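In what follows, a structure is listed as structure tokens, so that the remarks can point back to it.
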Amino acid sequence: MGAREQRPGAGGRRLHAFNGGVHPEEHKSVSTSRPIQPLPLLPRYVVPMRQHIGNPAAPLVQVGDKVLKGQMIGLPEGAISVAVHAPTSGTVLAVGHRPVTHPSGLPDICVEIEADGEDRAVAMAPVDWRAMEPGALRAHLRDMGLAGLGGAVFPSHVKLDPGKERKIHTLILNGAECEPWITCDDLTMRHHAAEILAGAAVMRHALGCETVLVGIEDNKPEAQAAMRAAAEHAGYPVEVVAVPTRYPGGGGKQLAYTLTGLATPSGGLTTDVGVQVFNVGTAYALHRAVALGEPMLSRIVTVTGHVARPGNYEVRIGTPIADLLAQAGGELPEATGLIIGGPMMGFDLPETAAPVVKAVNCVIVKDRLLFPPPPAPLPCIRCGACARACPADLQPFEMYWYAKAKDLGKAQAYSLFDCIECGCCGYVCPSHIPLVGYYRFAKSEIWAREQEKAAADAARARHEFRDFRQEREKREKAEKFAAKAKETLAATTATAEPGEDPEAARKKAILAAAMEKARQAKEGVQPKNIDKLTAAQQKEIEEIEARRARAVEEKGTP
Amino acid sequence: MLSALLILGGIGLVLGGILGWAAIRFRVEDDPLVEKIDAILPQTQCGQCGFPGCKPYAEAIAKGEADINKCPPGGDDGIRRMAELLGVEPKPLGEGLAHKPKSVAVIDENTCIGCTLCIQACPVDAIVGAAKQMHTIIEAQCTGCELCLPPCPVDCISMVVIREEIDSWKWRYPVYMLKQAA
Amino acid sequence: MIGSPHVVSERNSVRLVMAKVMAALVPATLAHAWFFGPGIWVSLLLCLLFGLFFEAFALGMRGYPLKPFLTDGSVLLTGWLLALSLPTLAPWWLYAVGMLFAVLVAKHLYGGLGQNLFNPAMVGYAVLIISFPTHMTQWPAPGDLAIHVPGLAEAFDLVFAGQGSISPDAYTSATPLDSLRTQLLNGKTAAEAMTQPPFGYFGGKGGEMVAVMVLLGGVLMLMNGVITWRIPAAFLGGIALTALVMQLIDPTRQAGPLFHLFSGAAMLGAFFIATDPVSASTTPRGQLIYGGLAGMLTVLIRVFGGYPDGVAFSVLLLNMAVPLIDTYTQPRVFGASAPRRPRV
Ligand code: SF4
Ligand code: SF4
Ligand code: SF4
């Protein structure tokens, strides 16, 4: 499609157009007329422990505990995880499974908090990020619960660790917000431009990079103006760049390409080409975490569509979505459901009791006019419209063909895992095929199979080891037994009573030996207390483990 | 006549030589069939196929002594893949065998008398415990083979179906009926 | 569960695509009627009706709903293309047999909409030209060459009741491609042959104007984004280049690129037949190869083959090669270092 042409953008930066993309109706003005409104304190919050990519946080509180606003209630577990905090002060009502914002509608572990209405906070103190060790700063961000607010919720402290070999030369603040309807980043930029850039200063410091670019789609002139004005006083060079409005221009790899011309390798991250991308909302939250010491307690959420008071709300994490809608004036009559996220990549929310989490940037109330039920799908006519719209330069109809036939290997061979699930293909398909549904199905099926395969391999190894162990035990027993029998035989034949059959005597001896052995074995069985291990016992166990390992080596299979 | 024969024979020899060389030079190192079949089997080691484990069953299939439809945990998918591998028609699960949802064994820790009988039965060493001590099952290693159920003298082991959790949840196959499209 | 995206582009549906293609065929059809008489309306009507009938029959047999598939427009387009490729004023059963093979064999035996390996209209055409060569070569003469141009009523008569009162010689003539072949066989040079009556400015009389109208429709489709430039450009390029090379090798007996481009079904093939998405190559590089080879084969079949036109056979042959072409011309994925090679 020859779309690799370079167009000079405003400010003289040469922009690079990625292939494909679509331009659905924007509907952004629905929610931009009002400023960001804070939500009043609600009586009850449900805070899921799994709000970010990686391991879920481990609950730190128990039923009946009193918590304060900003108190850590979920401990980060493992390297890729962040903390979770109480959104207000109150009492822990429950720690258990509650419906969460997930396309499956399955419950997950949450901490339910009853607000006491006082909203008392823990002591929060700013940190001096310039003087901090990079590791300490990252640990602080992890404990502040910082995860990307653009939708992927990847822990920020991990992204801020450039690693040893990798040099990050450019930090991109993603204010493109290419999905229709969503305006939370737009409003954040309009109202908190200076704070965003203050947060970016910390990121720049942590990454050790020079260039800072802010990419904003050219349908947001107010946000651009606000960011430009703030950039003058940022204290470091910032370039605010208007990028053409084209979905999915706000995808990390797409934005990085548009702004720098560097194409992220397939299967890689933008950091592979020295670019790190953060959402503007994340920069704002990071600023608060550093300058105020405030954990991620709330986020800006766009409530829009078929709702009485569409707009952007500052919503505490854990606010049930039903309550959020009520605060936005409630759904208008004949609403037909909710979308979490944008219309291109979001999902239908099965359960409105589910809470707002760090990933929720937008709640769209559907109705039949704005979101008519999709026309019935027809077979694919291989028109190639999807391929022309695909920003990843894939051949979506081929992947669809194989995913539909459940020929997962072939689907993968057509680069299924390069698909970013942006939905452009499904948007343009004249046959209205739910293409992305097939890709998601195929991907999760492939992952599940890989897991199954790993489990089967582990089971096979354990089984083979067990067989081997049993063999060995049998052999050892037999050897011991044979040795014993020989001894006894020698003894008995010596004292053999005259006239007795030597064969019968041998049998007798064997029997005696067996009985002796059984007696010994019986005595040998001592009840062991495995709760309180002495050092000696510990050592013994270790020895056994070592023997096991040796045996494994001996046999050659794990 | 003679020269024609010689030429043809010569060509035959040369080509044959090339083929033979190529066969050695480009030989693809292949897993033996047993390994390939074993890789498809789910390694539950439950013995429902009538063999004392997955590997013996794989060996029997490879020798042509067993049918491919005797493994309930492998399910229809397993049979299909096996049929593909062996170039035969897939068939429904054998008689008297039924596919059950994937489960794990759980020991009722209050009833367990610590007899170690289940430990000896478990094909993958998924049970830990010592004599006269309460036993427990490592869930991640249990294959759900049910072999530990019969030996338990106090019937304290039960099978629990694995529930779908958020992290094991899978996107469903999009179903729409073309034939009912209107 | 429908899932994302929750919105679809309203400007895109199979029906709309087919309607746009058919709209682009209107100028050519009008030109056809203008130059060759109203017979085209009869054959068009017959092809459309037989198409709908066979489609409904096949859908019914296969248990599919009639409404979405009959109205998707694909069978109408097939009928229209076949009508434009067949001689008008032929007996009605010729159109019936053509559509039968196009719809039942080429389309539904392969699985219906979107599954056919071969272009249905061209399968119908190929079957007819192999089975009924005499009927297929009796093309009506362009208006100013014909002794008599049958009117609409007469056309109906001719189609349904057979030739009756009027002798075919009165309204048919050899097509330019046929005529050229005969003249060359008689030892004339191409330049001499092309001074004969059936030839016009650069193609066949009348036919060249229809071809210009097809070109116009094609350009409209290009501007509208219904098709992309690759296949038509490669197809026409393939024709022009091959014809040019031929002409350079043997200037006396070869007609040259312009003639090949504007005679027979070349234009129709370039914009409407080779571009049929279902049976064409889908990768950018593959489309160039596919189109170029089809164009080249068209000229080769015309020059060396025994059939009057080569478009149908070349497109069908290339249809067969599409899976191979596509497999080896997969585009480079965004950020990938090399084009993908799906293992077959
Ligand atoms: S856009 Fe739809 S109909 Fe066209 S090729 Fe892609 S999947 Fe097939
Ligand atoms: S969803 Fe995947 S295949 Fe479809 S356009 Fe986006 S990246 Fe391409
Ligand atoms: S614990 Fe029981 S069910 Fe699980 S693998 Fe061992 S024997 Fe089988």
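The values are calculated or read from the model by the stated rules, or taken from the named source; none is laboratory data. What you see is a predicted model, and the numbers here were worked out from it, not measured in a lab. Positions of Cβ are backbone-derived with ideal geometry, glycine not excepted, and every protein chain shown enters the neighbour counts. Calculation scope for accessible area: heavy atoms of the full protein, side chains included, ligands and nucleic acids excluded. Shrake-Rupley method; radii C 1.70, N 1.55, O 1.52, S 1.80 Å.
Buried area at the A:C interface is about 3700 square angstrom, summed over both chains, from accessible surfaces computed with a 1.4 angstrom probe. Per residue of C:226-236, other chain Cβ atoms within 10 Å of the residue Cβ number 1 on average.
For segment A:236-341, GluC sites (Glu not before Pro) are listed when DSSP marks them as loop and at most 10 other Cβ atoms sit within 10 Å of their Cβ; the list is A:334.
Beyond 20 Å, what percent of the Cα pairs of segment A:374-494 remain?
Values: 4341 of 7260 pairs.
Counting every Cα pair in segment A:374-494, those more than 20 Å apart make up 60 percent.
Using the beta-carbon distance between residue A:542 and residue B:4 and R0 = 60 Å, what value does 1/(1 + (r/R0)^6) give for FRET efficiency, to the nearest 0.05?
After rounding to 0.05, the efficiency reads 0.15.
Per residue, the accessible area of segment C:11-173 comes to 40 Å² when a 1.4 Å probe rolls over the protein heavy atoms. Extending 7 Å from the Cα toward the beta-carbon at both residue C:56 and residue A:485 defines two label points whose distance is 9.0 nm. Within segment C:41-130, all pairs of alpha-carbon atoms sorted by distance into 5 Å bins from zero give the percentages 3, 17, 30, 26, 15, 7, 2, 0. The calculated FRET efficiency for residue A:133 paired with residue A:376, based on their beta-carbon distance and R0 = 60 Å, is about 0.50. Counting Lys and Arg as +1 and Asp and Glu as -1 over every other residue whose Cβ lies under 13 Å from the Cβ of residue C:77, the net charge comes to 0. Peptides C:219-228, A:83-92, B:3-12, B:105-114, ordered by how many other C-beta atoms sit within 10 Å of their residues on average, highest first, read A:83-92, C:219-228, B:105-114, B:3-12. Both radii were evaluated on the Cα set of segment B:1-118; the Rg over Rh quotient, with Rh as the Kirkwood radius, amounts to 1.35.
Once Rg and the Kirkwood radius are both taken over the C-alpha atoms of the protein assembly as shown, their ratio Rg/Rh works out to 1.08.
Between residue B:34 and residue C:93, the simple label model (points 7 Å from Cα in the Cβ direction) yields a spacing of 6.8 nm.
Counting only DSSP beta bridges with both residues in the protein assembly as shown, the antiparallel share comes to about 70 percent.
Between residue C:23 and residue B:102, the C-beta separation translates, for a Förster distance of 56 Å, into a calculated FRET efficiency of about 0.50.
Checking the Cα-Cα distances for A:406/B:36; A:366/B:100; A:358/A:453; A:406/B:100; A:453/A:474; A:253/A:443 against a 28 Å cut-off, the pairs over it are A:366/B:100; A:358/A:453; A:453/A:474.
Reported to the nearest whole Å, the Cα centre-to-centre distance from segment B:1-73 to segment A:273-330 is 60.
For trypsin sites (Lys or Arg not before Pro), the sites in segment A:130-165 that DSSP calls loop and that have at most 11 other Cβ atoms within 10 Å are A:130, A:164.
Think of it as helices only: each DSSP H run of n ≥ 4 in chain C is worth -39500 (n - 2.57), and spread over all residues that comes to -18000 deg cm²/dmol at 222 nm.
For the segment A:431-443, counting C-beta atoms of other chains within 10 Å of every residue's C-beta and taking the mean gives 5. Across the protein chains, with a 1.4 Å probe defining accessible surface, the residues C:201, C:290 rank C:201, C:290 from largest area downward. Cα extents for segment B:101-182 along the principal axes, largest to smallest and rounded to whole angstrom: 67, 24, 23. Across A:210, C:208, the residue with the most accessible area heads the list, and the full order at a 1.4 Å probe is A:210, C:208.
Expressed in Å, the radius of gyration and Dmax of the Cα atoms of segment B:32-86 are 9.5, 25. In a DSSP loop and with at most 12 other Cβ atoms within 10 Å, the GluC sites (Glu not before Pro) in segment A:104-185 are A:118, A:165.
In terms of the Cα gyration tensor, with a ≥ b ≥ c the square roots of its eigenvalues, is chain A rounded because a/c is under 1.5, prolate because a/b exceeds b/c, or oblate? Verdict is prolate for chain A.
Take chain A with all the other protein chains still there, run a 1.4 Å probe, and you get 44 Å² of accessible area per residue.
Note that segment A:34-183 shows a convex hull volume over its alpha carbon atoms of 167 Å³ per residue.
Per-residue ellipticity at 222 nm computed for chain A from its helices equals -12000 deg cm²/dmol, with DSSP H segments shorter than 4 residues left out and the rest contributing -39,500 (n - 2.57). Treating each Cα of segment C:11-173 as one equal point scatterer and applying the Debye formula with no solvent, the log10 of I(q)/I(0) at q = 0.12, 0.20 Å⁻¹ comes out as -0.53, -1.24.
Computed over chain C, the percent of Cα pairs more than 25 Å apart is 53.
With only Cα atoms counted, segment C:173-267 has Rg and Dmax values of 14.4, 47 Å. Across all directions, the average projected area of the convex hull around the alpha carbons of segment B:40-177 is 10.8 nm². Coordinate range of the alpha-carbon atoms in segment C:200-344 per principal axis, descending: 52, 34, 23 Å.
Model label points for residue B:18 and residue A:164, set 7 angstrom from Cα along the Cα-to-Cβ axis, are 5.3 nm apart.
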